[in-house]
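The next block holds one structure in the form of structure tokens; read it before the comments.
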Number of protein chains: 2
Amino acid sequence: MTAMPDFDTQSPAAVRAAIRSGAWRGYTNALARGHVQGNLMIVPAAYADDFAEYCRLNPQALPLIGRGEPGSPRIRAIAADLDLRTDVGGYMVFRDGELVDTPRDIAGEWREDLVAFVLGCSFSFEAVLQAHGVRLRHLDEGNVSAMYVTAVQTKPAGPFGGPLVVSMRALRAADAIRAITVSQHFPQFHGQPIHLGAPGLIGIEDLSQSYGGHGLTQLHEDELPVFWACGATAQMAALQARLPLCITHHKAHMVVTDLPVDDRLPA
Amino acid sequence: MTAMPDFDTQSPAAVRAAIRSGAWRGYTNALARGHVQGNLMIVPAAYADDFAEYCRLNPQALPLIGRGEPGSPRIRAIAADLDLRTDVGGYMVFRDGELVDTPRDIAGEWREDLVAFVLGCSFSFEAVLQAHGVRLRHLDEGNVSAMYVTAVQTKPAGPFGGPLVVSMRALRAADAIRAITVSQHFPQFHGQPIHLGAPGLIGIEDLSQSYGGHGLTQLHEDELPVFWACGATAQMAALQARLPLCITHHKAHMVVTDLPVDDRLPA
């Protein structure tokens, strides 16, 4: 149990300020739920156009919602005061395809040739699913969804390629059906699932062995595993590309934007 | 293998004429695929309003697409030349809740107090699913979908009530997801599924034991059973109601209407 935060947990600017000051060190999935959260991917400018093309070719995993100018840690179109060096609660720093550090800020790593990308994240659509009556047991239990590396290959672009990463939610059948009909309307948050049912069909041998080792992995008898493409796919691509430098968010510490989540379905 | 029919198998009027003359004695699922087919339910006028209310309360199983005037075997709004006494390839006649006959026409049974109802049928939406790229193995194999009586109870009206009957299609996961996103737009053909995955959760103990004993019941390893509410629910309700007389279509011999199937999805 974390102490009650003393900031406005539903204000994206307040959440970013709390992360920046160190007042909040937890995950972001329960915060600013009316606003879009995103995956972070930072690459040297020489690789930026290839990465943008990789996103375009794999839009379910990597729905692009913002791209910074070279050298700028800001993307004003998604949050006016955002500083990507300090406003994400955790980072992963990769060099030559190896994870070398997991700092709480990257001010010391920033370079004038870095380009930041923010990609849609399923945290945003979990709020949408709940608004439409879908029970998400992992949230009820204070957990996050589990992720898995699959045997499904993404479409490559430049040095980027590799396996699709998915997030899994344990849903009862009626909730799975509703989640499919709702999530299809939110392509910016990964859209409809890519698979449900037998995990082995997409190369997941053991649900208990999740990517990163966190998240709800145990199904109840009346639940199906439902799999969505996940932005963590970018991390696998960065590893495979063996970029000289690549920085991503860490686990469930996401970029909190000012973009409102419109959870309305088409009439 | 049936001999090649010598009528226009895609013209609803030609199909009805072939059934009326006895030239066609097969199922209707491969015929007039661009037009709506329906379940038939005929009850004495004294029960007609209760049955209409039963349909209204259970719209996924019993989507009403036409209702005749008392004593009339015609419903001109759905097919100008339709004669429900002769134009359905097979009938089931129930008296006091017992199946007493399965004739090829019901001219001899017709009475001035009978009211005919035509209810949406999943044959129509199978054509829609295929048009949207869903593989339906039972059709590829020249079979029909299997039906099952579930433990799910319908909402009762007057003497009508009882268990929900479902149709089952064996679908690979990607096809199941697509079938859900497509079928939700066709409430007149049962809409989205009511269940998928473990059959026992809706009271189906053994998939090999289908209602009526026909249809594809064996799943491949990469397939999920996907269950839609089925118009045969009306037959169970008629049995439970023990009406003095009730006439339905028999198995996969449906009412072929002139209503076009519009398979377009919302933009």
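The values are calculated or read from the model by the stated rules, or taken from the named source; none is laboratory data. Values in this document were obtained by computation on a predicted structure and should not be read as measured data. Cβ coordinates were reconstructed from backbone atoms using ideal geometry, including for glycine residues, and neighbour counts include every protein chain displayed. The protein model used for the area step is the full one, side chains on, heavy atoms only, and it has no ligands, DNA or RNA in it. Shrake-Rupley method; radii C 1.70, N 1.55, O 1.52, S 1.80 Å.
Among the listed residues B:ARG67, B:ARG85, B:ARG74, which satisfies the condition of being touching a strand residue (DSSP E or B) at 6+ places or on another chain (Cβ under 7 Å) and within 14 Å of B:LEU114 (Cβ to Cβ)? B:ARG67 is the lone residue from the list that is touching a strand residue (DSSP E or B) at 6+ places or on another chain (Cβ under 7 Å) and within 14 Å of B:LEU114 (Cβ to Cβ). Where residues in the stretch B:19-30 are on the phi < 0 side of the Ramachandran plot and part of a loop (DSSP other than H, G, I, E, B), which of them is surrounded by the most Cβ atoms within 10 Å (Cβ to Cβ)? In this case the residue turns out to be B:THR28. Summed over the stretch A:226-244, the residues that are modelled with pLDDT of 95 or more and in contact with a Pro (Cβ under 6 Å, 6 or more places away or on another chain) give a count of 3. Looking at B:PRO70, is it open to solvent by 70 Å² or more (accessible area, probe 1.4 Å) and touching a Gly at 6+ places or on another chain (Cβ under 9 Å)? In short, no. Within the stretch B:86-109, the set of residues being in contact (Cβ under 8 Å) with a residue 24 or more places away in the chain and among the β-branched types (Val, Ile, Thr) comprises B:THR86, B:VAL88, B:VAL93, B:THR102, B:ILE106.
Of the residues making up the stretch B:183-195, those that are open to solvent by less than 30 Å² (accessible area, probe 1.4 Å) and more than 23 Å from B:GLY142 (Cα to Cα) are B:PHE186, B:GLY191, B:HIS195.
Among the residues of the stretch A:226-250, not one is within 15 Å of A:PHE189 (Cα to Cα), of a type in the set (S, T, N, Q) and open to solvent by 10 Å² or more (accessible area, probe 1.4 Å). The residue that is most open to solvent (accessible area, probe 1.4 Å), counting only those in the stretch B:73-85 that are free of Cβ contacts under 8 Å to residues at least 12 places away in the same chain and not hydrophobic (A, V, I, L, M, F, W, C), is B:ARG76. Within the stretch A:200-236, being touching a residue at least 24 places away in the same chain (Cβ under 8 Å), more than 14 Å from the chain's Cα centre (by Cα) and in a helix (DSSP H, G or I) holds for one residue alone: A:ILE202. For the residues B:GLN218, B:GLN235, the requirement of being away from every other protein chain (no Cβ under 14 Å) and over 30 Å from B:GLU109 (Cα atoms) singles out B:GLN218.
Residue count for the stretch A:43-71 satisfying the condition of being within 21 Å of A:VAL149 (Cα to Cα) and either within 15 Å of the chain's Cα centre (by Cα) or not in a helix (DSSP H, G or I) (or both): 8. The residues of the stretch B:183-199 that are part of a helix (DSSP H, G or I) and facing another protein chain (nearest Cβ under 10 Å) amount to a single one, B:SER183.
Scanning the stretch B:96-106 for residues that are open to solvent by 60 Å² or more (accessible area, probe 1.4 Å) and part of a loop (DSSP other than H, G, I, E, B), we see that the one that is farthest from B:ASP262 (Cα to Cα) is B:ASP96. For A:VAL93, the test of being farther than 29 Å from A:HIS195 by Cα and assigned to a strand (DSSP E or B) is passed. Only one entry in B:ALA173, B:ALA146, B:ALA198, B:ALA179 is among the aliphatic types (A, V, I, L, M), surrounded by fewer than 19 Cβ atoms within 10 Å (Cβ to Cβ) and not assigned by TED's automatic domain parsing to the domain that holds B:GLY97, namely B:ALA198.
In the stretch A:137-179, the residue that is nearest to A:MET236 (Cα to Cα) out of those that are free of Cβ contacts under 8 Å to residues at least 40 places away in the same chain and within 12 Å of another protein chain (Cβ to nearest Cβ) is A:ILE177. Can you tell which of A:LEU136, A:LEU164, A:LEU119, A:LEU129 is open to solvent by 10 Å² or more (accessible area, probe 1.4 Å) and hydrophobic (A, V, I, L, M, F, W, C)? That would be A:LEU164, the only listed residue that is open to solvent by 10 Å² or more (accessible area, probe 1.4 Å) and hydrophobic (A, V, I, L, M, F, W, C). Where residues in the stretch B:31-45 are out of contact with any Phe, Trp or Tyr (no Cβ under 9 Å at 6 or more places or on another chain) and among the aliphatic types (A, V, I, L, M), which of them is least open to solvent (accessible area, probe 1.4 Å)? Ranking the candidates gives B:ALA32 first. The residues of the stretch A:46-56 that are out of contact with any Pro (no Cβ under 8 Å at 6 or more places or on another chain) and either surrounded by fewer than 20 Cβ atoms within 10 Å (Cβ to Cβ) or modelled with pLDDT under 95 (or both), listed by number, are A:ALA46, A:ASP49, A:ALA52, A:GLU53, A:ARG56.
In the set (1) open to solvent by 50 Å² or more (accessible area, probe 1.4 Å); (2) among the small types (Gly, Ala, Ser); (3) at the interface with another protein chain (Cβ under 9 Å from one of its Cβ atoms), the condition left unmet by B:GLY212 is number (3).
As a summary of the residue check, B:ASP258 satisfies the conditions (1) away from every other protein chain (no Cβ under 14 Å); (2) modelled with pLDDT of 90 or more; (3) open to solvent by less than 50 Å² (accessible area, probe 1.4 Å); (4) not in a loop (DSSP other than H, G, I, E, B) except for the one numbered (3).
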